[in-house]
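Student: Sending over a structure as structure tokens; questions will come in a sec.
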Amino acid sequence: MTNLHFPNGFIWGVAASAYQIEGACNEDGRGESIWDRFTKTPYRITTGETAERACDHYHRMPDDVALMNEFGYPYYRFAVSWSRIMPDGAGNANKSGLDFYDRLVDEMLKAGIQPKTTLYHWDLPQTLQDKGGWANRETVDRFAEYASRVFERLGDRVRFWSTHNEPWVAAFLGYATGLHAPGICDYSQAYQAAHHLLLAHGRSVQIFRQGGYKGEIGLILNLNGLIPASSSQADIDATQRVHDETHALFLDAIYKGTYPRKLFDFIGSHQPKIKSGDMELIAQPTDYLGLNYYNTDHVAYDVFGGLNKARITPYSAPGWGRTEMNWGIDPDGIKRELIYVKENYGSPKIYITENGCAMPDIPDAKGFVADWDRINYLRAHIHKIHEAIQAGVDVRGYFTWSIFDNFEWERGYGPRFGLVRVDYETMERVPKQSAYWFREVVQQNSITI
Ligand code: GCO
């Protein structure tokens, strides 16, 4: 057995998002979000479930923070719900909404837990969607107002900010495949949404700097592994297109102020409208990149494969299977993504802002889950991050997804990603084996392999 130590000051934390855990969708003046509307639309959610109650975190917040404290997790990454702060997406802020996050931050700091706050984790106010949502440029101005209010209220205590979580998901699952809210299937809107999400990112970074707030701000991207399904040129080209859409579209924009030319030639009339000055705003310096990594896909050319003419199937590394999401497990993938970012984008400071898995999670009579499969997954990925650090990648921290089982978007409450099991009937929280294992990792600042 070997102990692999992480650099001094390496940050360990757990993560969740507002919509997936809070519940209380109609309380204290919160407005309707696109996910409230989407979950109520027949056939959108596989299980027909909504997030009206979710983990009831809105009411149980002090106990939830106490639980994280009991486990000694030093950082907690949470998201603010836009429609709690600005119920109509514009105009006056809702005091009770801001108060909730204010109390959350105070509660965390009292417990010695540092907040990492995400401004946008997919829950756009419905009133803004009624005017076109992210495909409408006006949403960028509304986001700037919202961001200002959150900075004003929490900026004296939060030192660690993310603008958007996974803008690719918000743009492409929301507006191209329609798998996520608002459920639109239109590639032109998706590309326009991606551009506006990036603009909103740039604007909020600018507001953060102009406000003189202390701390770090950055963008979080989901960088899945992508491998051509064969050595044929058609599969290699298809992989490149998917890569450009999911990776380069965002990374080139924020680090180089450009969009991938080849991809834009390929998508032709679906290209977004860009105004002069936009790319400069998007490319202004950030303090770090947040990297979410879960799985790897094989990509093959397929004439019926949507705009990219690509078919995606899970790839599992030898000896590894798939998760409950049917995602292929490939621990090496996280290292490849880290090295790719280092080599192509000037070696930015990186935090792994999400990594984790849904597993079968069979509870015993007391609700305890001995989730050694999840532990194996986490250990293998953390090991590869360690290797990436040895190879010179500037990784400063690791957040596991998620602290709790929660509402897994279009899949309802089926897949469970938590270190802590949630009984959705009683709302009881039962830490899984992985919660104890992760506590050790944090305490020792090392893993044992
Ligand atoms: C994401 C989101 C999370 C998901 C998680 C598992 O990265 O997709 O941030 O909200 O729940 O990734 O799918």
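Student: What number of residues within the stretch 294-306 satisfy the criterion of being crowded, with 17+ Cβ neighbours inside 10 Å and either more than 16 Å from the ligand (Cβ to nearest atom) or in a strand (DSSP E or B) (or both)?
Tutor: Total meeting the criteria: 6.
Student: For the stretch 193-214, give me each residue that is crowded, with 18+ Cβ neighbours inside 10 Å and farther than 19 Å from ASP156 by Cβ.
Tutor: Hits for the stretch 193-214 are ALA193, ALA194, HIS195, HIS196, LEU197, LEU198, LEU199, ALA200, HIS201, GLY202, ARG203.
Student: OK, next. Restricting to the stretch 174-232, what's the tally of residues that are of a type in the set (S, T, N, Q), in a loop (DSSP other than H, G, I, E, B) and out of contact with any helix residue (DSSP H, G or I) (no Cβ under 8 Å at 6 or more places or on another chain)?
Tutor: 4
Student: Another question, if that's okay. Considering only the stretch 150-173, state which residues are surrounded by fewer than 19 Cβ atoms within 10 Å (Cβ to Cβ) and either assigned to a helix (DSSP H, G or I) or free of Cβ contacts under 8 Å to residues at least 12 places away in the same chain (or both).
Tutor: Of everything in the stretch 150-173, those that are surrounded by fewer than 19 Cβ atoms within 10 Å (Cβ to Cβ) and either assigned to a helix (DSSP H, G or I) or free of Cβ contacts under 8 Å to residues at least 12 places away in the same chain (or both) turn out to be GLU152, ASP156.
Student: If you go through the stretch 43-52 one residue at a time, do you hit one that is modelled with pLDDT of 95 or more, within 30 Å of VAL442 (Cβ to Cβ) and buried (at least 22 other Cβ atoms within 10 Å of the Cβ)?
Tutor: For the stretch 43-52, residues modelled with pLDDT of 95 or more, within 30 Å of VAL442 (Cβ to Cβ) and buried (at least 22 other Cβ atoms within 10 Å of the Cβ): present.
Student: Could you say whether any residue in the stretch 108-123 is crowded, with 16+ Cβ neighbours inside 10 Å, away from the ligand (no atom under 16 Å from the Cβ) and assigned to a helix (DSSP H, G or I)?
Tutor: Yes, some residue in the stretch 108-123 is crowded, with 16+ Cβ neighbours inside 10 Å, away from the ligand (no atom under 16 Å from the Cβ) and assigned to a helix (DSSP H, G or I).
Student: When you scan the stretch 363-421, how many residues do you find that are in a helix (DSSP H, G or I), touching a Cys at 6+ places or on another chain (Cβ under 7 Å) and touching a residue at least 60 places away in the same chain (Cβ under 8 Å)?
Tutor: So the count comes out to 1.
Student: If we scan the stretch 371-387, do we find a residue that is in contact with an Asp or Glu (Cβ under 7 Å, 6 or more places away or on another chain), crowded, with 19+ Cβ neighbours inside 10 Å and among the acidic types (Asp, Glu)?
Tutor: Yes.
Student: Criterion first (away from the ligand (no atom under 16 Å from the Cβ), under 20 Å from THR177 (Cβ atoms) and within 23 Å of the chain's Cα centre (by Cα)) does THR313 satisfy it?
Tutor: yes
Student: What number goes with the only condition from (1) at pLDDT below 95; (2) more than 30 Å from HIS383 (Cα to Cα) that MET1 does not pass?
Tutor: Failing condition for MET1: (2).
The values are calculated or read from the model by the stated rules, or taken from the named source; none is laboratory data. What you are looking at is a predicted structure, and each value in this text was computed from that prediction instead of being measured. Note that we place each Cβ from the backbone using ideal geometry, even for glycine, and neighbour counts take in every protein chain shown.
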